[in-house]
1. Scan the range B:25-44 and report the pairs whose first residue is under 20 Å from B:Gln62 (Cα atoms) and whose second residue is assigned to a helix (DSSP H, G or I) and open to solvent by 50 Å² or more (accessible area, probe 1.4 Å), with Cβ atoms within less than 6 Å and a gap of 6+ or a chain change.
2. Could you give every pair whose Cβ atoms fall below 7 Å, whose first residue belongs to the range A:27-51 and is in contact (Cβ under 8 Å) with a residue 12 or more places away in the chain, and whose second residue is open to solvent by 70 Å² or more (accessible area, probe 1.4 Å), counting only separations of at least 6 or pairs across chains?
3. If A:Ser137 satisfies all but one of (1) touching a residue at least 24 places away in the same chain (Cβ under 8 Å); (2) more than 8 Å from chain B (Cβ to nearest Cβ); (3) open to solvent by 10 Å² or more (accessible area, probe 1.4 Å), what's the number of the condition it fails?
4. Run down A:Leu88, A:Leu46, A:Leu109 and say which single residue is hydrophobic (A, V, I, L, M, F, W, C), under 20 Å from A:Val333 (Cβ atoms) and either at pLDDT 85 or above or open to solvent by less than 70 Å² (accessible area, probe 1.4 Å) (or both).
5. Can you name the residue in the range A:75-84 that is among the aliphatic types (A, V, I, L, M) and in a loop (DSSP other than H, G, I, E, B) and is also most open to solvent (accessible area, probe 1.4 Å) among such residues?
6. Which of the residues belonging to the range A:224-248 are surrounded by 24 or more Cβ atoms within 10 Å (Cβ to Cβ) and farther than 15 Å from A:Ser182 by Cα?
7. Part of a helix (DSSP H, G or I), surrounded by 24 or more Cβ atoms within 10 Å (Cβ to Cβ), touching a residue at least 40 places away in the same chain (Cβ under 8 Å) and more than 12 Å from chain B (Cβ to nearest Cβ): is that true of A:Val121 in this structure?
8. State all residues of the range A:224-252 that are closer than 25 Å to A:Leu286 by Cβ and either free of Cβ contacts under 8 Å to residues at least 12 places away in the same chain or not in a helix (DSSP H, G or I) (or both); if no residue qualifies, say none.
Amino acid sequence: MLPSPLVTPGFVAAGLDLQASFSSWLESLGLSVALARAIWLPLPMLLVLTAAVVGVLVNVWLERKISAAVQQRIGPEYAGALGILQPLADGLKLLVKEDVIPARADGLLFTLGPVLVLVPVILSWLVVPFGQNLLISNVGVGIFLWISLSSIQPIGLLMSGYASNNKYSLLGGLRAAAQSISYEIPLALAVLAIVMMSNSLSTVDIVNQQTGAGILSWNIWRQPVGFVIFWICALAECERLPFDLPEAEEELVAGYQTEYAGMKFALFYLGSYINLVLSALLVSVLYLGGWGFPIPVEWLAQWLGQPIDAPLVQVITASVGIVMTVLKAYLLVFFAILLRWTVPRVRIDQLLDLGWKFLLPIALVNLLVTAALKLAFPMAFGG
Amino acid sequence: MTIATTTEQICFLILAATIVLGSLGVVLLSNIVYSAFLLGGVFLAVAGIYLLLNASFVAAAQVLVYVGAVNVLILFAIMLVNKKESLSAIPSLLLRRVLSGAVCLGLFTLLLRVAFTTAWPLPGPQPIGEEATLRIGEHFFSDYLLPFELASVLLLMAMIGAIVLARRDVYASDVITGEPADQGLIEKARTPLLINRSETSTTL
C-alpha cells in the first residue's frame with residue numbers, strides 16, 4: 001500500500017503570501033484596507049495573463065522546433081538564436097494583417113465568436129495554482145469552475161462557424177461542438193474521481209492532498225486510468241491531433257476558422273495554445289502533484305537543517321514550486337506536440353465512438369472503483 | 001459607501017440590464033439564431049447574479065448545464081435543421097400578438113405584486129460561502145433525496161426515448177406512426193459510415 005498522505009495544517013508549510021505582505025506594506029503607507037486590496041487585485045491577474053501569453057510564445061516555438069525535429073528538418077533558425085523570436089514574428093504578422101470580414105457574413109457574430117472562444121480559456125487560469133498562495137483566487141468550486149467555463153467554448157465555435165456563412169465553417173463548428181460535448185463527460189468523471197479522493201474541489205486542496213511523500217503520493221499512481229482518460233479528453237477538448245477533426249485540412253479547409261484572418265484568427269490561435277498550456281497545467285495539478293517537488297521540500301529543508309518558515313527558505317520553496325509546475329506542464333506539452341506530429345487523425349465516427357462507447361464506461365467504472373477503494377482503504381485513498 | 005459595495009451595485013445593474021434586455025431580445029427577435037445566442041447570454045448573466053449572491057457552486061452549475069449543455073444543444077438543433085422555407089402568413093397575427101402580450105403583461109403585474117407585497121426578511125440569510133457545496137450535497141442525500149432521484153428518473157426516461165427515436169432501424173414498423181419502416185433507411189443505418197464511398201457521402 002502507498003504511504004498515506006500526511007496532510008496536516010502544521011506539516012504543510014504556509015508558503016509565501018504575497019498578498020498579505022503587499023497589503024500590509026500599502027497599509028503602512030496610510031492607505032485603507034479596501035483600497036490596498038483594490039490596488040492588489042489586478043496585479044496577479046496581469047501577471048498570469050502575461051505568463052499565459054509568454055507560455056503561448058514558448059509553445060509556438062516548441063511546436064515549430066519539435067515538428068521540425070520529428071520530420072528531420074531544422075525549423076526556424078534565422079529569427080533570433082535557434083529561431084526563438086519566430087513566434088514574435090508570427091504574432092506581429094497576424095497583428096498587421098488586414099482584418100477581413102466576408103461580404104455575406106454576419107459581422108457581429110463573426111467578431112464575437114473568437115472572443116467567446118478566448119475569454120473562458122483565460123478566465124480558467126483563475127484556479128491554476130503555482131504554490132500554496134500563488135494563485136489568483138482559491139475559489140471553493142476550483143476545478144469545477146474550469147469544467148463549466150470550458151463548456152462555454154463550443155458556443156463561440158458554433159457562432160463563428162455560423163457567422164462565416166461558409167459550409168466548411170459551419171461543419172467545423174458543428175463538429176467542434178459535438179466533440180466538446182462528447183469529451184466533457186468522461187473528463188468531468190475523471191476529475192470527479194480525484195475530487196472524491198481529496199474531498200475538495202479546490203485546486204490547492206487537491207495538490208495539498210498529494211504532498212506528504214513526494215513523488216509516491218502523486219495521484220497518477222492512485223488514478224492511472226483516470227490520468228489516461230483525462231489526458232485523452234484534454235487533447236480532444238483542445239482539438240489537438242489526433243482529435244483535430246473540427247479543422248481537418250483535407251476535409252474542411254480549416255473548419256470554423258476558414259474565413260478568419262488577422263487578429264481574429266490570432267484569437268483562435270492564441271485560444272487553442274493557451275488551452276493546451278492550461279490543460280497541461282491542470283493535468284500536473286490533478287495527477288502530478290502540482291507544485292510539489294519529487295522529494296518533499298520539507299524533508300530537504302530538515303535535512304539541510306533549515307527552518308521551513310525562514311524567509312529565504314520560503315522564497316526558494318516558492319520558486320521551486322513555480323519551476324516544478326511549469327516543468328511538469330511543459331513536459332506534457334512536449335508529449336502533446338510529439339503526439340500531434342506522429343499519429344494520424346481519427347475519423348469522426350471513430351472519435352465519437354471512442355468518447356461515448358469506450359471512455360465514458362471506463363470513466364464510470366473508474367469512479368466506482370475509486371469510491372470502493374476509498375471505503376476499503378481510507379488511509380491511501382483520502383478517506 | 002465602500003469600494004466593494006459600489007462594485008457590487010454596478011455589477012448588479014449591468015447583469016440585471018443584460019438579463020432584461022437579453023430576454024426581451026430572445027422573445028422579440030425574428031432571427032432564431034440570434035435568439036438562441038442571446039439566450040446563452042441571459043443564462044450567463046443569471047450565473048453572474050448567482051455569483052453576486054455568494055452561490056459560486058450554483059453559478060458554475062448554471063453555466064455548465066444551461067450554457068454548456070442546453071444552449072449548445074438548442075444551437076445544434078437549429079443549425080442541423082437550417083432549412084430555408086418560406087413561412088405562410090399566419091391569419092390574424094396582430095390579434096395573437098396582442099393577446100399573448102396581454103397574458104405576459106398580466107403575469108408581469110402578478111409577479112410585481114408578489115414582489116412588493118411579500119414581507120421579505122431583510123437582511124436575508126447569511127451567505128455560507130464555500131461551505132455551500134457541502135450543504136447542497138448533504139441536502140441531496142437527505143431531505144431532498146426524492147426530488148433528486150425523480151429528476152434522474154426523468155432524465156433516464158428522456159434518454160431512453162431519444163434512443164428509441166434515433167434507432168428506428170431495429171424496429172420493423174415506425175415507432176411514432178406505426179407504418180412499416182422505410183427499408184432504405186434501415187439499410188442506410190446498418191451500413192457503416194465511409195465504407196462505400198460511392199454510395200454514402202455522409203461525413204459529419
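1. The qualifying pairs are B:Val26/B:Leu38; B:Ala36/B:Ile74; B:Phe43/B:Tyr66.
2. A:Ala36/A:Glu27
3. The number of the failed condition is (1).
4. Details: A:Leu46 fails: under 20 Å from A:Val333 (Cβ atoms); A:Leu109 fails: under 20 Å from A:Val333 (Cβ atoms).
On inspection, the qualifying residue turns out to be A:Leu88.
5. Step one: of the range A:75-84, the residues among the aliphatic types (A, V, I, L, M) are A:79, A:81-82, A:84.
Then keep just the ones that are in a loop (DSSP other than H, G, I, E, B); that gives A:79, A:84.
Details: A:Ala79: 28, A:Ile84: 96 Å².
Ranking the qualifying residues of the range A:75-84, first place goes to A:Ile84.
6. Selection gives A:Gly226 alone.
7. Details: part of a helix (DSSP H, G or I): yes; surrounded by 24 or more Cβ atoms within 10 Å (Cβ to Cβ): yes; touching a residue at least 40 places away in the same chain (Cβ under 8 Å): yes; more than 12 Å from chain B (Cβ to nearest Cβ): yes.
Against the criterion (part of a helix (DSSP H, G or I), surrounded by 24 or more Cβ atoms within 10 Å (Cβ to Cβ), touching a residue at least 40 places away in the same chain (Cβ under 8 Å) and more than 12 Å from chain B (Cβ to nearest Cβ)), A:Val121 qualifies.
8. If the condition is that a residue be closer than 25 Å to A:Leu286 by Cβ and either free of Cβ contacts under 8 Å to residues at least 12 places away in the same chain or not in a helix (DSSP H, G or I) (or both), then A:Pro224, A:Val228, A:Cys238, A:Glu239, A:Arg240, A:Leu241, A:Pro242, A:Phe243, A:Asp244 are the ones that fit.
The values are calculated or read from the model by the stated rules, or taken from the named source; none is laboratory data. Note that the structure is predicted; figures quoted are calculated from it, not measured. Here the Cβ is made from the backbone with ideal geometry for all residues, glycine too, and neighbour counts use every protein chain on show. In case anyone asks, the SASA skips ligands and DNA or RNA and just uses the protein heavy atoms, side chains included. Shrake-Rupley method; radii C 1.70, N 1.55, O 1.52, S 1.80 Å.
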